1. Short version: ³J(HN,Hα) in whole Hz for each residue of the range 118-132, in order, from phi by Karplus 6.51 cos²θ - 1.76 cosθ + 1.60 (θ = phi - 60°), x for Gly and Pro, what are they?
2. When only alpha-carbon atoms are used, what values of Rg and Dmax, in angstrom, describe the range 108-163?
3. Looking at the range 62-163, which GluC sites (Glu not before Pro) are DSSP coil and have at most 14 other C-beta atoms within 10 Å of their C-beta?
4. How much length, in nm to one decimal, is gained on full extension between VAL3 and ARG27, taken as 0.36 nm per residue of separation minus their Cα-Cα distance?
5. Tabulate in residue order the Karplus-calculated ³J(HN,Hα) for the range 93-110, using 6.51 cos²θ - 1.76 cosθ + 1.60 with θ = phi - 60°, rounded to whole Hz; enter x for Gly and Pro.
6. What ³J(HN,Hα) values, in whole Hz, does the Karplus curve 6.51 cos²θ - 1.76 cosθ + 1.60 give for the range 73-90 when θ = phi - 60°, with x put for Gly and Pro?
7. Report Rg(Cα)/(2.2 N^0.38 Å) for the chain, keeping two decimals.
8. Of PRO101, LEU26, LEU139, whose Cα points farthest to the positive end of the dipole of the chain (charges on the beta-carbon: +1 Lys, Arg; -1 Asp, Glu; origin at the Cα centre)?
Amino acid sequence: MSVLPLVFYPDARLSEVCAPVNGEDLRPLIADMFDTMYAAPGRGLAGPQVGVMKRVFVMDCTWKEGTRTPMAFLNPEIVDLSAVEDTLEEGCLSIPDLMVPVVRPSEITVRWTDALGVAHQQAFDGFEARCIQHEMDHLDGRVTLDHMSASARAEILQGYTTP
């Protein structure tokens, strides 16, 4: 497969809501997205980050520790989230070298379809829950900077340039 070019902030595509996937065979795209994510190197990658405005993302939260657990999510939706929230700094492949504190629920339940069309529903916690929420933000036209106040965003972006 191949490594796709990344889309960098402030590209307008990162602010667009993605269209649902409707029966398309996205397996070649998903393979390319995994190649791109691993090469970057990241743990998650959403369609808009490679210029594909569809509700699809890939993640592998464990590969950097030596065990690959690749997952592809088509048309994901959060069906439940915990009241308990955590604040952690998040990085983003589309906003390199910039860490942003983001508050997120610590546990979520997600419903999605995989690359073969199989429906799933599963609970996630910890880093996996955070990664899914981060990638779903991309599908809804949000980036980590959107979790900050306008003044905090202006301050963190002062002097920042993307590739």
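1. My calculation for the range 118-132 gives 7, 7, 9, 9, 8, 8, 10, 9, x, 5, 4, 4, 5, 4, 4 Hz in order.
2. 15.6, 45
3. Working: sites: GLU65, GLU77, GLU85, GLU89, GLU90, GLU107, GLU128, GLU135, GLU155; in loops: none.
Filter output for the range 62-163: empty list.
4. On the way: separation 24, 0.36 × 24 = 8.64 nm, distance 1.44 nm.
Taking 0.36 nm per residue and subtracting the Cα distance, the gain is 7.2 nm.
5. 4, 8, 9, x, 6, 9, 9, 10, x, 10, 8, 9, x, 7, 9, 9, 10, 10
6. Ordered by residue, 3J(HN,Hα) equals 10, 10, 6, x, 9, 7, 9, 7, 9, 6, 7, 7, 10, 10, 10, 9, 7, 10 Hz.
7. Values: Rg = 15.1 Å, N = 163, 2.2 N^0.38 = 15.2 Å.
My calculation over the Cα atoms of the chain gives 0.99.
8. Positive-end residue among those listed: LEU26.
Every number here is computed from the coordinates shown, using simple stated rules; none is lab data. None of the values given here were measured: they were computed from a predicted structure. Cβ atoms come from the backbone with ideal geometry, glycine included; neighbour counts cover every protein chain shown.
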